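Some notes on the structure that comes next.
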Amino acid sequence: APGSFADRTAFLARAADTAARVRAEGLLGRDELATVLAAAAAFDGATGTPRAVDPADVPTVLDTDKIPPAVAIEVLDEPAPSGWYTTAPRIRLRGFDIDGADGDLQLELRLAGGDWAPYTGPVVVTEEGVHRIEARVTDAEGRTGAVSRELSVDTAPPVSRAVVKDLGASVEITLHADDAVSGVERIQWEGPGTFWGTFQEAFTRAIDDEPQVIEYAATDRAGNEEPRRRLVIPGKRDRP
C-alpha cells in the first residue's frame with residue numbers, strides 16, 4: 001500500500017532481500033530472479049505507483065551458488081479409496097533444474113532399500129506390501145537432490161473358507177479368511193431367507209428337506225474382494 005516504505009531505497013532493499021531468500025529456497029531460477037528485480041525497479045514502493053525503469057535502479061543480489069536439481073516421483077495410476085494400489089502401480093521420475101539445464105540430469109531409482117539403478121522409463125512395482133520408493137538426481141556438476149515416498153500395494157484378494165460342525169438337526173457354520181498383505185477387512189455371507197451381510201460370529205442353520213446354498217466372500221483392507229464361494233448344506237434326504 002502507498003506509504004508502506006519510507007522511501008524507494010527501502011522498498012528496493014526489501015524486494016532484493018525477499019527475492020534472495022526465495023532464490024535460496026530453490027523457488028526462483030536465475031532468469032526469474034532477474035525478472036523479479038527488474039519488476040521491482042519499475043515500481044515505486046513508497047508511493048505505490050509504476051515508474052520508468054532506470055537500469056541503475058535494478059537491485060542486485062549476490063548469487064554465486066547454483067541451486068541443486070530436484071526430482072519428483074509420480075505414480076501414473078490411481079489408488080483405491082483405501083489408499084492401497086490394487087493393481088501394480090507405474091512409477092515415473094521427473095528431474096528439474098531451476099536454472100534451465102534439465103537435459104543434463106541423471107536420474108536414479110531405488111525400490112524397497114535395494115540397489116540404486118539408472119532410471120530410463122516408467123517402472124512397474126509388482127512386489128506386494130508397503131514399499132519405500134527413493135529417487136535421486138545428479139546434475140553435470142555433481143550436485144544432487146533426492147526424494148522418497150511410500151507405496152502400499154496389494155493386488156490379490158483374501159481367501160476365505162467355511163468350517164461346518166454337524167449338530168444333528170442343524171449345522172454350525174464358522175467363516176474364516178486370510179490375507180497376508182493388507183489384512184482382512186470383513187467377510188460377508190447370505191443364505192435362504194437372509195441378506196448379504198457381514199459375518200460376526202458362528203451361526204446355525206436348521207436342516208431342511210431341500211439343500212441350502214450359503215454364499216460368502218472376504219474383502220481385504222486394500223479393497224480387493226474375492227469371488228463368492230458356495231457352501232451347500234445337504235437336505236434331509238441327502239444326509240447319511
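Work out the FRET efficiency for ALA13 and ARG143 from their Cβ-Cβ distance, taking R0 = 25 Å, and round it to the nearest 0.05.
Here the calculated transfer efficiency is 0.25.
Set the Förster distance to 51 Å, then compute FRET efficiency between GLU225 and ARG21 from the Cβ-Cβ distance, nearest 0.05.
Efficiency, from the Cβ-Cβ distance: 0.45.
Using a Förster distance of 30 Å, how high is the FRET efficiency between VAL159 and VAL75, based on the Cβ-Cβ distance and rounded to 0.05?
0.60
Pick out, from LEU93, GLY114, ILE73, the residue whose Cα sits farthest towards the positive end of the charge dipole of segment 71-145, with +1 on the Cβ of Lys and Arg and -1 on the Cβ of Asp and Glu.
GLY114
How much length would be gained if the chain were fully extended between ARG186 and THR126, taking 0.36 nm per residue of separation minus their Cα-Cα distance, in nm to one decimal?
19.1 nm
Coordinate-derived values only; no laboratory data. Everything numeric here is computed off the predicted structure, so don't read it as measured data. So basically every Cβ, Gly included, is an ideal-geometry build from the backbone, and we count neighbours across all protein chains shown.
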